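Okay, structure first, notes after.
The values are calculated or read from the model by the stated rules, or taken from the named source; none is laboratory data. For clarity, every value in this text was computed on a predicted model and none was experimentally measured. Backbone-built Cβ (ideal geometry, glycine too); neighbour counts: all protein chains shown. The area values use the complete protein model at the heavy-atom level, side chains included, leaving out ligands, DNA and RNA. Shrake-Rupley method; radii C 1.70, N 1.55, O 1.52, S 1.80 Å.
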Amino acid sequence: MTFAPAPGAAPMRRMVAAQAGFETRTLLRNGEQLTLTLIIPLLLLAAFSLESLVSFGGGYTRIDFLTPGVIALAVMSTAFTSQAIATGFERRYGVLKRLGATPLSRTGLIAAKTVTVIAMELAQTVIIMLVALALGWSPNAVGAAVVVVPLLVLLGTAAFSGFALLLAGTLRAEATLAAANLIYVVLLGVGGVVFPLTKFPPGARSLLELLPSGALSTGLRDVLANGAAFPAKNIVTLAVWAVVGIALAVRFFRWE
């Protein structure tokens, strides 16, 4: 037996797990981020479900339509807007530059941040569903929804996370802040989150369903309100966005 030191970097999975734990603790301590990622979606769910602010059509009750959309909104808030802004300012203040001097690679950092937001999103989905049930939500779903809903959330989170890190890793912090908020507002209006895509012309609706927000909200609505077992088109669309977004982030992300 030898007690000689064995210098070297820890295995990648251990570095990713440690960084993910740090990212989670940081997120939970940040009240502003928690407000954006959870409180705002819950307020929208309560406000729009209790007041006739929007006509949904399609035989939906307000709460039946809104619940899947608010889950999609929470994914977008956490994985895209909040993460892009936070990472952009970490980059500006030199936090990422210091991480770049460690054995943690760009791929490891992106993996850690994505794992963090996936865990947060799954917890948020449970909370939103519980609040929706308290507001009178009655889901029309088959048994496969137990697997398909987390799959949609996971793919949507990966897609939004990839593009958030692409923005944060290539633009200045102020530009990231402006771009992330602008995209958030646009997708809130045209992503099928709180406004039905049936309100748009058929041609535009087909294109909007190909957006990550449209694919996620439509897929969740098909599963939770229409009883679909496996919305293949939405799942494939989100998977493509996830692969493209993460690949671009890995390729172009800069530490400083």
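Computed 3J(HN,Hα) for region 205-220, one whole-Hz value per residue from the Karplus formula 6.51 cos²θ - 1.76 cosθ + 1.60 where θ = phi - 60°, is 4, 4, 6, 5, 5, 8, 5, x, 5, x, 5, 5, 5, 5, x, 5, glycine and proline marked x.
Solvent exposure of region 111-256 amounts to 43 Å² per residue of accessible area, where only protein heavy atoms count and the probe is 1.4 Å.
If the segment from Ile39 to Glu256 were pulled out straight at 0.36 nm per residue, it would be longer than the present Cα-Cα gap by 74.9 nm. Largest first, the three principal axis extents of the alpha carbons in region 155-251 are 42, 24, 22 Å in whole numbers. Once you sort the root eigenvalues of the Cα gyration tensor of region 102-203 as a ≥ b ≥ c, which label holds: rounded (a/c under 1.5), prolate (a/b larger than b/c) or oblate (the other case)? Note, shape of region 102-203 comes out oblate. Percent of alpha carbon pairs in the chain separated by more than 27 Å? The share of Cα pairs beyond 27 Å in the chain comes to 37 percent. Cβ-Cβ distance of Ala17 and Asn181, R₀ of 30 Å, FRET efficiency by 1/(1 + (r/R0)^6): the value works out to about 0.45.
Partners of Lys113 within straight-line reach, counting lysines whose Cα lies under 29 Å from its Cα and excluding those fewer than 8 residues away in the same chain: Lys97, Lys233. Model label points for Leu210 and Ala134, set 7 angstrom from Cα along the Cα-to-Cβ axis, are 4.1 nm apart. Length gained on full extension, Lys233 to Thr61, computed as 0.36 nm times the residue gap minus the Cα-Cα distance: 59.4 nm. Using a cut-off of 15 Å between beta-carbons, work out the net charge of the residues near Arg25 (Lys and Arg +1, Asp and Glu -1, Arg25 not included). Taking every Cβ under 15 Å from that of Arg25, the sum is 0. Modelled spin labels at Tyr93 and Val147, positioned 7 Å past Cα toward Cβ, are 4.3 nm from each other. A simple packing score, the average count of other Cβ atoms within 10 Å per residue, orders the peptides 206-218, 140-152 as 206-218, 140-152, with the highest score first. If the chain linking Arg29 and Arg172 were pulled fully straight, counting 0.36 nm for each residue of separation and taking away their Cα-Cα distance, it would gain 49.0 nm.
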